[in-house]
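The values are calculated or read from the model by the stated rules, or taken from the named source; none is laboratory data. Just so you know, these numbers come straight off a predicted model, no measurement behind them. Quick reminder, even Gly has a Cβ in these numbers, built from the backbone with ideal geometry, and neighbours come from all protein chains shown.
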Amino acid sequence: MNQSIFVNLPVTDLARSKRFYEALGFKQNPNFSDDTAACMVWSEAIYVMLLTHAKWHTFTTRPIPPDTSSEVMLALSCDSRSVVDTMNKAADGHGGRADVNPVQDLGFLYNRNFIDPDGHVWEAMWMDPAAVPSN
């Protein structure tokens, strides 16, 4: 198996969360989905596992933080600035909230942050490696 990352997220409403992530461009893998979890695929190496709270608690007894806190910010690389903007617009229109942090535009790097319906923070980002200033 190739090295991959599976980001596991507790969600309060699995159907709503699936619709949200599909609106952002994720595809559901039915082989790893049921009525307690949905495997949402971003790329060949990046998967988001949406887990009901009951399913989440089969993996850990640690409490789920409130949706007003930030434990991590998950960044997804995009092909262009316009894809970053489109992703934020989709988040805002499908139960999330766009631009929860200030937009960052450094010329070679452009990013916008949004939250999903459960308060998980994501960063859609585009970068032109050829334009990164040298030190």
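In this structure, does A90 turn out to be farther than 16 Å from A124 by Cβ and either in the same structural domain as F114 (by TED's automatic domain parsing) or loosely packed, with under 13 Cβ neighbours inside 10 Å (or both)? So A90 does not fit the description; no.
Of the residues A124, A38, A98, only one is in contact with a Leu (Cβ under 8 Å, 6 or more places away or on another chain), surrounded by 14 or more Cβ atoms within 10 Å (Cβ to Cβ), of a type outside the set (F, W, Y) and farther than 16 Å from P10 by Cβ; which? Before you say what the answer is, go through the steps one by one.
On the way: A38 fails: farther than 16 Å from P10 by Cβ; A98 fails: in contact with a Leu (Cβ under 8 Å, 6 or more places away or on another chain).
After applying the criteria, what remains is A124.
Checking the stated criteria, L24 turns out to be touching a residue at least 60 places away in the same chain (Cβ under 8 Å) and touching a helix residue (DSSP H, G or I) at 6+ places or on another chain (Cβ under 9 Å). Got at least one residue in segment 54-64 being under 28 Å from Q3 (Cα atoms), touching a Phe, Trp or Tyr at 6+ places or on another chain (Cβ under 7 Å) and surrounded by 12 or more Cβ atoms within 10 Å (Cβ to Cβ)? Checking segment 54-64: at least one residue is under 28 Å from Q3 (Cα atoms), touching a Phe, Trp or Tyr at 6+ places or on another chain (Cβ under 7 Å) and surrounded by 12 or more Cβ atoms within 10 Å (Cβ to Cβ).
Return yes when S4 is outside the structural domain of P129 (by TED's automatic domain parsing) and surrounded by fewer than 14 Cβ atoms within 10 Å (Cβ to Cβ) and no when it is not. Yes; evaluated as a whole, the condition is true for this residue. Are any residues in segment 50-74 of a type in the set (G, A, S) and at pLDDT 95 or above, and if so, which ones? Result: A54, single match. For A54, the conditions (1) more than 17 Å from A23 (Cβ to Cβ); (2) in the same structural domain as N8 (by TED's automatic domain parsing); (3) touching a residue at least 24 places away in the same chain (Cβ under 8 Å) are fulfilled apart from (3).
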